[in-house]
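The values are calculated or read from the model by the stated rules, or taken from the named source; none is laboratory data. Quick caveat, the model's predicted, so the values are computed rather than measured. Positions of Cβ are backbone-derived with ideal geometry, glycine not excepted, and every protein chain shown enters the neighbour counts.
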């Protein structure tokens, strides 16, 4: 019987910045972190994950980065992994990327790190390899991480044992660390990783929710597309995300996954638009209403201010706060655990105006009244 | 001896249990050509002649070949089904209060005898109504009692279950909207995320847009969100109260008033009525429609998706939309009759007049109790629940989100998120270990807004000793989670069946709920390769 192939990459410096008051370990910050006495934590997180896999160890082969990039953690738990790459004392983002590229044919790639690590993995394997993050970094804005290292291990164990998991594309986000250290939050959507997904946190025979996230997105796409078709004189800006992309798919056009597209009178009138492009389009359509279609990006429920900064305060104000059309799958609401949707446009008074309750398209003919608060 | 857990003169807090395990084939696999349960005598010539006439009258509708039924003797049939029942954990066998939301109360055996009396069990729905006056009287008088319990004006007892009752309600709302020519203007139905899923499902079937309101911090439907949801487009508001959190929405009249102010209808899903019998009514809460589950609140058994009875009640102005026939009483002639006179705007929801055995059981149960003890049912159900609530909240790893410090109604939705964080054991794994002690524990409806949820509803039926035994099992399994987690993770160890893949039940490509489908989809699957 062919064994499952599991890959593990540990970014040994991930998480070191947090406890010494740094906001990440990108660039030179890792040197500073070490000077401040930071200790490597990512390996320990990976160990927590691997322990959950001990009971099914006979069912998979483990491949890890050499040395502190996975091998040491695996050996400490009792695994004898096959190695990828060479052992180094000082590692970099390039090493993560190189090892991930070499592991792109594994069945499931686990990586311990933060947003930066997710970004490196994403750059190397794109959407072709099933991957799951073990949360170990200071910054966790991406939606590709399990809620804890143990949870990552349990999900992986279920995958190895042939459990019924579905797959979904999850956002890889990262912020500009230099800006973050100056208390400026600029989160950018870098891409998507294919992650394993346990349906609605498992069973429930009286269930009424769609059986997969893709199905839910498609239902939302149909509902929103009907609005876009009906309102021929409205200029629509479609924000980034897989849920919003489903709208354009329903309309029979190929949208931009990471950027903002524009739709007017039955056709796509712009793709991957920057703020100035959006303002220009609004100027070209002075007598038309503008609506902004957005979906929560990342795991924290931001509809503005993370990954879609093209929707600047000026763009939003000119469209009007009443012309925001949020869309979200039920799974995203569930992941929020009762927390509100968030806005952080960089303009405090606009954020205040955006607060309140919004009608979110959450399925075909289905809307959810949901609370919005400043992030 | 453990006095604390109530099993007098028994030195354990809970019982040891092991389920029977039979490698039981499917009945079709037991079939032997030519084997028979009953050998019928040859038909007399007159009968045979009459039979052939009927067959020839069927023309092309007549079967070309006999049905593929299993051929098996009576005794083997008996043993087969007895084996299957032993591999189950039925209501008469276990303390099933962990099936929260289902109101698993005792269904008195004497009522089974009543329902099985030949005068009731052997009647045919096409009999002339003059020959079934007793059956009609039971339906009519059950309706009168439900009118008193709800304050509404007329009930239809046709629906065979709660979801079918909700379909009646959504159909009434549709007919009411259409009749007024408001189909384009009133196209939205509001519900809450914790209302039972058949509410939005039935509304969607009837072509309405759904607006879902989430709870506030205290677990009640968010009043401000409701204000934002209600508009001139609102056709109806469908809600459960208390919802499955067990928290009563005491502002319910403000909610219903808000909907009435824009000309909409309000429907009360009374699946959780066991908390409120004789205490709060649909009418005073401002509802125009409601439904009760006779098969849970009023003691008739659930019957695994039917046959039950979902009794739909309405105010006077909506009576004309109820599916005909209703059962009415002609005082002058002193007779009960099937009333087709109602200018019903919707077609019947089920064949004939409803599930008479379920209605009979509910009728007998209510008659035995009377108004005072019906109210006592709810008081004891709420008391029992709060007794368990206090005990469970003291257990390690368990919590109950929302309404901190408040008592609950007849059930509580708890969370094992803390347990999962501390041990890695999920509620889905936990429930498998409960089976090893002969107990049920159910998680909850999706979506799991309460993380790692489970719902406990002791009803009025269970004694303190039984609740204590259940609590002892719960506590024991929690202890195992912390001390011997592997035992829990690999449970059940004493059940007929180990793990099943629930997702199969939601995957049309893989589900097989009939023998024919099973053979088609899994042909050769279990054979040696």
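Just a few scattered comments:
- Which listed residue is assigned to a helix (DSSP H, G or I), farther than 17 Å from residue B:426 by Cα and either modelled with pLDDT of 80 or more or out of contact with any strand residue (DSSP E or B) (no Cβ under 6 Å at 6 or more places or on another chain) (or both), from B:518, B:525, B:482: B:518
- All positions within segment B:140-158 that are in contact with a helix residue (DSSP H, G or I) (Cβ under 7 Å, 6 or more places away or on another chain), surrounded by fewer than 24 Cβ atoms within 10 Å (Cβ to Cβ) and in a helix (DSSP H, G or I): B:141, B:145
- Considering segment B:497-515, and only residues there that are under 24 Å from the mean Cα position of the chain (by Cα) and at pLDDT below 80, the residue that is nearest to residue B:436 (Cα to Cα) turns out to be B:500.
- Residue in segment B:428-436 that is within 13 Å of chain A (Cβ to nearest Cβ), over 22 Å from the mean Cα position of the chain (by Cα) and free of Cβ contacts under 8 Å to residues at least 60 places away in the same chain present: yes
- From the list A:349, A:312, the lone residue that is touching a residue at least 12 places away in the same chain (Cβ under 8 Å) and either under 30 Å from residue B:186 (Cβ atoms) or away from chain B (no Cβ under 14 Å) (or both) is A:312.
- For the residues A:272, A:261, the requirement of being assigned by TED's automatic domain parsing to the domain that holds residue A:227, under 21 Å from the mean Cα position of the chain (by Cα), surrounded by fewer than 20 Cβ atoms within 10 Å (Cβ to Cβ) and not in a loop (DSSP other than H, G, I, E, B) singles out A:272.
- Test: residue in segment B:372-388 that is over 18 Å from the mean Cα position of the chain (by Cα) and closer than 25 Å to residue B:425 by Cα: yes
The rows are residues; the columns are (1) within 26 Å of residue B:415 (Cβ to Cβ); (2) at pLDDT below 95.
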residue: A:309; (1), (2): no, yes
residue: A:319; (1), (2): no, no
residue: A:323; (1), (2): no, no
residue: A:333; (1), (2): yes, yes
residue: A:345; (1), (2): no, yes
residue: A:357; (1), (2): yes, no
residue: A:368; (1), (2): yes, no
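- Considering (1) more than 14 Å from chain A (Cβ to nearest Cβ); (2) within 30 Å of residue B:213 (Cβ to Cβ), the lone condition that residue B:421 does not fulfil carries the number (1).
- Looking only at residues of segment B:447-479 that are in a loop (DSSP other than H, G, I, E, B) and more than 14 Å from chain A (Cβ to nearest Cβ), we find that the one that is surrounded by the fewest Cβ atoms within 10 Å (Cβ to Cβ) is B:463.
- Residues that are outside any helix (DSSP H, G or I), crowded, with 22+ Cβ neighbours inside 10 Å and either at the interface with chain A (Cβ under 7 Å from one of its Cβ atoms) or modelled with pLDDT under 95 (or both) within segment B:194-214 comprise B:194, B:195, B:196, B:211, B:212, B:213, listed in sequence order.
- Filter result for residue A:339 (out of contact with any strand residue (DSSP E or B) (no Cβ under 9 Å at 6 or more places or on another chain) and modelled with pLDDT under 90): no
- Here residue A:342 meets each of (1) without any contact (Cβ under 8 Å) to a residue 60 or more places away in the chain; (2) in a helix (DSSP H, G or I) with one exception, condition (2).
- The residues of segment B:175-193 that are more than 14 Å from chain A (Cβ to nearest Cβ) and outside any loop (DSSP other than H, G, I, E, B), listed by number, are B:175, B:176, B:177, B:178, B:179.
- Restricting segment B:261-294 to residues that are out of contact with any strand residue (DSSP E or B) (no Cβ under 7 Å at 6 or more places or on another chain) and assigned to a helix (DSSP H, G or I), the residue that is nearest to residue B:362 (Cα to Cα) is B:274.
- Counting the residues of segment B:215-233 that are out of contact with any strand residue (DSSP E or B) (no Cβ under 6 Å at 6 or more places or on another chain), surrounded by 18 or more Cβ atoms within 10 Å (Cβ to Cβ) and at the interface with chain A (Cβ under 7 Å from one of its Cβ atoms) gives 0.
- Residue within segment B:241-258 that is in contact with a strand residue (DSSP E or B) (Cβ under 6 Å, 6 or more places away or on another chain) and within 13 Å of chain A (Cβ to nearest Cβ) present: yes
- Top-ranked residue in segment A:352-375 [being part of a loop (DSSP other than H, G, I, E, B) and in contact with a helix residue (DSSP H, G or I) (Cβ under 9 Å, 6 or more places away or on another chain); ranked as nearest to the other protein chains (Cβ to nearest Cβ)]: A:365
- Scan of segment A:280-302 for residues that are at pLDDT 95 or above, over 21 Å from residue A:187 (Cα atoms) and crowded, with 16+ Cβ neighbours inside 10 Å, ordered by number: A:281, A:282, A:290, A:291
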